[in-house]
1. As an exercise: evaluate Glu153 against (1) buried (at least 19 other Cβ atoms within 10 Å of the Cβ); (2) of a type in the set (D, E, K, R); (3) at pLDDT below 90 and give the number of the one condition it does not meet.
2. Is it the case that Phe2 is farther than 27 Å from Trp177 by Cα, at pLDDT below 80 and outside the structural domain of Trp177 (by TED's automatic domain parsing)?
3. So which residues in segment 238-250 are in a loop (DSSP other than H, G, I, E, B) and among the hydroxyl-bearing types (Ser, Thr, Tyr), if there are any at all?
4. State whether one or more residues within segment 173-181 are in the same structural domain as Asn134 (by TED's automatic domain parsing), surrounded by fewer than 19 Cβ atoms within 10 Å (Cβ to Cβ) and part of a loop (DSSP other than H, G, I, E, B).
5. Being more than 21 Å from Gly29 (Cα to Cα) and touching a helix residue (DSSP H, G or I) at 6+ places or on another chain (Cβ under 9 Å) is the filter here, so list the residues in segment 105-145 that pass it.
6. Go through Phe199, Phe163 for me and flag whichever is assigned to a loop (DSSP other than H, G, I, E, B), aromatic (Phe, Trp, Tyr), modelled with pLDDT of 90 or more and over 24 Å from Asn25 (Cα atoms).
7. Does segment 74-82 contain at least one residue that is farther than 21 Å from Asp43 by Cα, aromatic (Phe, Trp, Tyr) and at pLDDT below 85?
8. Being among the aliphatic types (A, V, I, L, M), within 23 Å of Asp132 (Cβ to Cβ) and part of a loop (DSSP other than H, G, I, E, B) is the filter here, so list the residues in segment 215-237 that pass it.
Amino acid sequence: MFENLFLSEKAHTIFTSDNFWFGANNLVGNWSWMDNTPFDFSDWGKGEPKNISNCGAVRIQDGKWITDDCFNAKPFICKTYMPPILSTTTTTTTKTTTIKPTPSAQPCSDPWKYYDKTKSCYKILNNLNWQDANNACFKDGGGHLASIHSLDENIFITNLIPFNPNYHQCSNPNLAWFGLYTVDNEASWNWIDNTPFNFSDWAPGRPGDSGFHNCGLLHGTNCGASYGKWGDGMCDAIVGYSVCKKPAFS
C-alpha cells in the first residue's frame, strides 16, 4: 500500500495526465506483474478490473487502479533494483574502492548467441508459458521474447531451438514462444519489444480467428507447415521452448 501511495504522489508532481502505466497486465488470462513477482496486492477502483482491456494503469487523483487498452499512449513509471556494490579494502588503510562491472569482450555472454545481422543476442529457455518466458528474458539483461524482422533472422532463431526431429506430434513440447502477441482478437499483431511489425512468416491458415490464441509460436516438426513457420496459441500454455532476444554489448 505504501508503495502504491508513493508512486501516486510522485506521479502527481511529474505528470499532467489523469493516469499512468505500471506493470500489471492480463495478457495471459490472469492479472500478474511484468517482473514475475507475486501478485499479492491490488488496489482496483470501483468496477475494476473490467477485463476487456489487458493493461493496468494508476489514477493519479486517488491512486486506484484501472484497466485500459495497452496501445494507448500514457506516461509510465519504471522500477529497477539497486545492484550490490562490490568493494575491496586494504589492510593498511580504511579506504574503500568501488569496482565497476566491465562488459565482456564478446558481444554476448554465454549462453547467449550473437547474430551479427541484428547486432543482438539470443537465448533459449525451456518449459514456460508466454508471460513467464518474457519475464525471464527481461530479468536476464533487459531482454524480451524475440521479435523477428527478416527471413534470415527467422532461420537463425529456428536453428537455435533444439526441436526434436523424432518427435512425431504437433504439440507443446515441439513449439517455441517468441515475442508476438495480439490484444484485439487477432485483428493486428505486435512485438513485445515495441519494434515495428514489418515481417511475418505465418503457416498456412494462420493466424486463426479463435479470439483466444493471442501469442505467437514457432513450429517445430510435424505441425503441417514448414519448419520455423509461425502459429498462434493460448498464452498460458507451457511449451517446450522460448526464444529471448536482447541488444549485444555496445
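The values are calculated or read from the model by the stated rules, or taken from the named source; none is laboratory data. Every value quoted in this text rests on a predicted model; they were computed, and no experiment measured them. Here the Cβ positions follow ideal geometry from the backbone for every residue, glycine too, while neighbour counts run over all protein chains shown.
1. (3)
2. yes
3. Passing the criteria: only Ser250.
4. Within segment 173-181 (the criterion being in the same structural domain as Asn134 (by TED's automatic domain parsing), surrounded by fewer than 19 Cβ atoms within 10 Å (Cβ to Cβ) and part of a loop (DSSP other than H, G, I, E, B)), the answer is no, since none of the residues qualifies.
5. Lys113, Tyr115, Lys117, Thr118, Ser120, Tyr122, Lys123, Ile124, Leu125, Gly143 - these are the residues of segment 105-145 that are more than 21 Å from Gly29 (Cα to Cα) and touching a helix residue (DSSP H, G or I) at 6+ places or on another chain (Cβ under 9 Å).
6. Phe199
7. Yes, segment 74-82 has at least one match.
8. Met234, Ala237
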